[in-house]
Amino acid sequence: MTVSRTVLIVSPYFPPSNLACVHRARHLANHLPAAGWTPVVLCVDDRFYEQEPDLLLGSLVSPDLEIVKVPALQARMTRRFGVGDLSLRAWSALSSRAADLLSARRIDAVLITGSPFYPMLMSRWIEPKFGVPVVLDFQDPWVSAWGADQKRLSKAGLSHQLALRLEGPALRKARFVTSVSERQNQELAARHSWLDASRMAALPIGGDSGDLDLLRAMPGIRQNRLDPAMINLSYVGTALPRSRRLFRALLKGLAEVRGRQPALAARLRLHFIGTSNQADGGDTFSILPLAEAEGVADLIVETPQRLAYAEALQLMAGSHGLLLVGSEEAHYTASKIYPALLTKRPYLSLFHHLSSAHALLAAAGGGINLSFPDANGLAGLSPEIAAGLERLALDPAGLGQARQDCLEPFSARVIAGRYGAIFDGLR
């Protein structure tokens, strides 16, 4: 008989949270059983999330999944002392419940995914005390170039200093480490020379075509934000600090379109949705000030509030074309490119030339792929961006569709299979 193997997935946020960090755990929870592993998710009860729940996203989770929820301190209390991080508010409950689960039943592996990152510190005692190997999954860098740029005594600067001190101890006891890109793994290894490269893997978040099946089965989930009289090009996601120059270059390209084709520009509407990454960030505009500086603010619609996942998918699927914008950092690989490609909409992308996102987009086709090696290269891209916007607006069908076979290695099913193989190798 085959002995059932169980993995405990520690993910403080989990659907119905609609934060981007939930999708790793959601995908694995749905697809690991096909790889021979039974997942158990340990998360914080959604009553303690600060965001409105996305019940439709929650419906995408397998009804057979075992979910263990713990309480947390209320944010309205802890924020008085400068603490909002959910994993810190729930630290005691997460740690205690993880220990209880490891004591009471057979668990063969533990996966701790972040952000938030503080639960990764549980790796220090899980295997030494219970003999269960731990895998740490970095969906974003805990130690980042952006953090290093912050004022040392600011809240962000202090968080960066704390990350520098805690990342190593968390990694020391981990049996395996994953992140979303090879570049991110290389940076981890550069900071910790004792890390074994054979115990690391780059595994993107990927996408699940089943998400789009849900949209097709339930049309009109949310009110459409797009103007049917306009050519709607949409960017959906956070406007990251390290993306500011990329957005400026994009808007300079839009200004060039207006200069040489004013009639076309008048028909364009570039939508930037969810730029604040906050459900209540209605007055935190990141793109509009840049557009005003370039004289194209009237062609821009910025909605800072983060959308529910299904609404974001619906908006991308209903747009004439998509804008996929990365970061100045080479390690950056936007998880949103996978659902965007699944919508089969044409796109214009702008990523660092070493980004794994750019490599995938170039291989898949179906859009205009622009890249840059450094700030000087980015500054010179405005003419190409202008030409790309014109082509995306006037001849989207001529761009074809992204090759779905290129996406298969990044499907949630395949990524879960690779995690299953990693867990198998821990025994």
Scanning the stretch 224-249 residue by residue, those over 17 Å from LEU389 (Cβ atoms) and open to solvent by less than 10 Å² (accessible area, probe 1.4 Å) turn out to be SER243
Would you mind telling me which numbered condition in (1) assigned to a loop (DSSP other than H, G, I, E, B); (2) modelled with pLDDT of 90 or more; (3) in contact with a helix residue (DSSP H, G or I) (Cβ under 6 Å, 6 or more places away or on another chain) SER87 fails?
(1)
Qualifying residues in the stretch 151-166 (those that are open to solvent by less than 50 Å² (accessible area, probe 1.4 Å) and of a type in the set (A, V, I, L, M)) - the one farthest from MET120 (Cα to Cα):
ALA156
Tally the residues that are part of a loop (DSSP other than H, G, I, E, B), hydrophobic (A, V, I, L, M, F, W, C) and surrounded by fewer than 24 Cβ atoms within 10 Å (Cβ to Cβ), restricting the search to the stretch 9-64.
5
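Does ALA34 satisfy being of a type in the set (Gly, Ala, Ser) and in contact with a strand residue (DSSP E or B) (Cβ under 6 Å, 6 or more places away or on another chain)?
Working: of a type in the set (Gly, Ala, Ser): yes; in contact with a strand residue (DSSP E or B) (Cβ under 6 Å, 6 or more places away or on another chain): no.
When the stated conditions are applied, ALA34 does not pass them.
Just to be sure before I move on: is PRO289 farther than 30 Å from CYS406 by Cα and out of contact with any Asp or Glu (no Cβ under 9 Å at 6 or more places or on another chain) in the structure I sent?
On the way: farther than 30 Å from CYS406 by Cα: yes; out of contact with any Asp or Glu (no Cβ under 9 Å at 6 or more places or on another chain): yes.
Answer is yes for this residue.
Please specify each residue of the stretch 270-319 satisfying the condition of being of a type in the set (D, E, K, R) and closer than 26 Å to GLU390 by Cβ. Please lay out each step first, then the result.
Let us first name the residues in the stretch 270-319 that are of a type in the set (D, E, K, R), namely 280, 283, 292, 294, 298, 302, 306, 311.
Hits for the stretch 270-319 are GLU292, GLU294, ASP298, GLU302.
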Sole exception among (1) over 20 Å from the mean Cα position of the chain (by Cα); (2) open to solvent by less than 20 Å² (accessible area, probe 1.4 Å) for ALA340, by number:
(1)
Scan the stretch 39-59 for residues that are free of Cβ contacts under 8 Å to residues at least 60 places away in the same chain and within 23 Å of TYR419 (Cβ to Cβ) and jot them down.
PRO39, VAL41, LEU42, CYS43, VAL44, GLY58
Which ones in the stretch 250-265 are under 19 Å from LEU378 (Cβ atoms) and open to solvent by 70 Å² or more (accessible area, probe 1.4 Å)?
LYS252
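Being open to solvent by 10 Å² or more (accessible area, probe 1.4 Å) and within 17 Å of ARG97 (Cβ to Cβ) is the filter here; which residues of the stretch 108-123 pass it? I'd like the intermediate steps shown before the answer.
So in the stretch 108-123, the residues open to solvent by 10 Å² or more (accessible area, probe 1.4 Å) come out as 108, 115-118, 121.
Matches in the stretch 108-123: PRO116, TYR118, LEU121.
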Within the stretch 352-363, how many residues are crowded, with 21+ Cβ neighbours inside 10 Å, in contact with a helix residue (DSSP H, G or I) (Cβ under 9 Å, 6 or more places away or on another chain) and over 12 Å from LEU246 (Cα atoms)?
5
Within the stretch 137-169, the residues that are under 18 Å from VAL10 (Cβ atoms) and more than 22 Å from the chain's Cα centre (by Cα) are LEU166, PRO169
Scope the stretch 370-399; condition out of contact with any strand residue (DSSP E or B) (no Cβ under 9 Å at 6 or more places or on another chain) and either closer than 25 Å to GLY207 by Cβ or open to solvent by less than 60 Å² (accessible area, probe 1.4 Å) (or both); matching residues:
ALA375, SER382, ALA386, GLU390, ALA397, GLY398
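Taking SER276, is it in contact (Cβ under 8 Å) with a residue 24 or more places away in the chain, hydroxyl-bearing (Ser, Thr, Tyr) and open to solvent by 10 Å² or more (accessible area, probe 1.4 Å)?
Working: in contact (Cβ under 8 Å) with a residue 24 or more places away in the chain: yes; hydroxyl-bearing (Ser, Thr, Tyr): yes; open to solvent by 10 Å² or more (accessible area, probe 1.4 Å): yes.
Against the criterion (in contact (Cβ under 8 Å) with a residue 24 or more places away in the chain, hydroxyl-bearing (Ser, Thr, Tyr) and open to solvent by 10 Å² or more (accessible area, probe 1.4 Å)), SER276 qualifies.
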Tell me, please, whether a residue that is modelled with pLDDT of 90 or more and touching a Ser or Thr at 6+ places or on another chain (Cβ under 6 Å) can be found in the stretch 387-406.
no
Would you mind stating whether ASP283 is open to solvent by 10 Å² or more (accessible area, probe 1.4 Å), at pLDDT 95 or above and either farther than 29 Å from GLY84 by Cβ or not small (Gly, Ala, Ser) (or both)?
no
Do we find a residue being free of Cβ contacts under 8 Å to residues at least 12 places away in the same chain and closer than 17 Å to LEU322 by Cβ anywhere in the stretch 378-385?
no
The stretch 181-212: number of residues that are modelled with pLDDT under 90, open to solvent by less than 10 Å² (accessible area, probe 1.4 Å), of a type outside the set (Ser, Thr, Tyr) and under 18 Å from LEU354 (Cβ atoms)
1
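The values are calculated or read from the model by the stated rules, or taken from the named source; none is laboratory data. Keep in mind it's a predicted model, so treat the numbers as computed, not measured. Neighbour counts are summed over all protein chains in view; Cβ atoms, including those assigned to glycine, are modelled from backbone coordinates with ideal geometry. Heavy atoms of the whole protein, side chains included, go into the accessibility calculation; ligands, DNA and RNA do not. Shrake-Rupley method; radii C 1.70, N 1.55, O 1.52, S 1.80 Å.
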